[in-house]
1. Gln56: open to solvent by less than 60 Å² (accessible area, probe 1.4 Å) and either in contact with a Gly (Cβ under 9 Å, 6 or more places away or on another chain) or among the β-branched types (Val, Ile, Thr) (or both), yes or no?
2. Checking the structure you have, find out if any residue of the range 141-161 is open to solvent by less than 10 Å² (accessible area, probe 1.4 Å), touching a residue at least 24 places away in the same chain (Cβ under 8 Å) and of a type in the set (Phe, Trp, Tyr).
3. Can you name every residue in the range 189-211 that is open to solvent by 10 Å² or more (accessible area, probe 1.4 Å), farther than 13 Å from Lys87 by Cβ and in a strand (DSSP E or B)?
4. Quick one: which residue in Tyr90, Tyr36 is open to solvent by 30 Å² or more (accessible area, probe 1.4 Å) and either of a type outside the set (Gly, Ala, Ser) or under 20 Å from Phe161 (Cα atoms) (or both)?
5. Anything in the range 313-322 that is loosely packed, with under 14 Cβ neighbours inside 10 Å and either within 19 Å of the chain's Cα centre (by Cα) or charged (D, E, K, R) (or both)? List them, or say none.
6. Suppose we keep only residues that are touching a Phe, Trp or Tyr at 6+ places or on another chain (Cβ under 9 Å), assigned to a loop (DSSP other than H, G, I, E, B) and hydrophobic (A, V, I, L, M, F, W, C) within the range 56-113. Which one would you say is farthest from Arg19 (Cα to Cα)?
7. Could you tell me whether the range 76-87 includes any residue that is under 26 Å from Ala196 (Cβ atoms) and either touching a helix residue (DSSP H, G or I) at 6+ places or on another chain (Cβ under 7 Å) or among the β-branched types (Val, Ile, Thr) (or both)?
8. Name every residue in the range 138-171 that is of a type outside the set (S, T, N, Q), assigned to a loop (DSSP other than H, G, I, E, B) and closer than 22 Å to Phe337 by Cβ, in order of residue number.
Amino acid sequence: MECSTQRGVVTKVRNFPQRQELEVLVGQEIVKALNYPELTGPCQLHDQVFLNTTAQELKLGTGGWHYVFATLGREHTLGNQGGHIMKLRYTPLQGRVLSVEEELSPYHTTMGQAQDLKGLVVGVGSLHSMLAPLAWVLHSKLRPLRLVYLMSDGAALPIAFSKVVTELKRRKLLTTTITFGHAFGGDLEAVNIYSALLAAKHVAQADLAVVLMGPGVVGTNTTWGTTALEQGVFLNAVLQLGGIPVAIPRLSEADQRSRHFGLSHHTKTVLKSIVSSPVWLPLPQRLQNFSQTMGELTQLKHRIRWEATDEDFAILGQSGLPLTTMGRGLEEDPLFFHGVVATAL
């Protein structure tokens, strides 16, 4: 694995929950950088910092950010939260968390006794951009609601990277967040998808739960080389733990890539080849206009439920939330959002 680094001086600092947005002078250029204080300590004006610049050099979709991995001349010591479960293990940025399952956790006994989800409904999708519209519609229909978000490590690892999560928490559209695998920074930390699901039910007391990766997704233009396929693994986990699994479909009528037009090939691969038993698959009636997709659906042996989504889609724009997917908004790719709305109904 290769990475590139540069050194610069901090010229501006903006503080947010669990992250800092910086402007850094590198050579003669001002660049944007993110700092996660829990990992590397807080940055101040005029600090000299080392930046990981790899993603920007490769022109990947990081939102234009470099990342601070050290501040010259400043040490950062462990806090007093306890815990011994390591995330980012065996890397220079490995750090401990207090995992919900471990012995020092106040929930250790509860987690030791938890064995099933007792019918908890769990929506599982493949893109972080599904979270905001799903939370908005669910709360408009089902207030009050304890919605718990489980963030996987399929894309961004720090939950603090998501401005959407920060806003949803501020507006109380999310009750609790749980990060599992090597994702970190949630209200609760968990070792894997199974314990994260059990924590959602038995610790966070979820009415509903949703599992999605953080911002970003890994893809290779191959059937199997994408982190989006974690959707199938997580749906299986819900099945195995006695929950009610609901697949959130990835839909598009604007994506120029034929493999993502209509029902995405990622969703089809999950439902055809990974999920072990039938799951619920809500779909918008609007999708019935896509003849090719309608033919493909006959091959899926799942519990398809057609939903009228026009009315709820029409009020999504009133949410005041950032509603985009792959850079496209409500008007540019309405079918994507109709698919999420169908799940919420």
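1. yes
2. Among the residues of the range 141-161, at least one is open to solvent by less than 10 Å² (accessible area, probe 1.4 Å), touching a residue at least 24 places away in the same chain (Cβ under 8 Å) and of a type in the set (Phe, Trp, Tyr), which makes the answer yes.
3. The answer is Leu208, and nothing else.
4. Being open to solvent by 30 Å² or more (accessible area, probe 1.4 Å) and either of a type outside the set (Gly, Ala, Ser) or under 20 Å from Phe161 (Cα atoms) (or both) holds for just one of Tyr90, Tyr36, which is Tyr90.
5. Pro322
6. Out of the qualifying residues, it is Val100.
7. yes
8. Looking only at the range 138-171, we keep the residues that are of a type outside the set (S, T, N, Q), and these are 138-139, 141-151, 153-161, 163-165, 167-171.
When the remaining residues are screened for being assigned to a loop (DSSP other than H, G, I, E, B), the result is 143-146, 153-157, 171.
Residues satisfying the conditions are Arg143, Leu145, Gly154, Ala155, Ala156, Arg171.
The values are calculated or read from the model by the stated rules, or taken from the named source; none is laboratory data. Keep in mind that this is a model prediction, so the values were computed, not measured. Ideal geometry is used to build each Cβ from the backbone, glycine not excepted, and the neighbour counts take in all protein chains shown. With ligands, DNA and RNA removed, areas are computed over all heavy atoms of the protein, side chains included. Shrake-Rupley method; radii C 1.70, N 1.55, O 1.52, S 1.80 Å.
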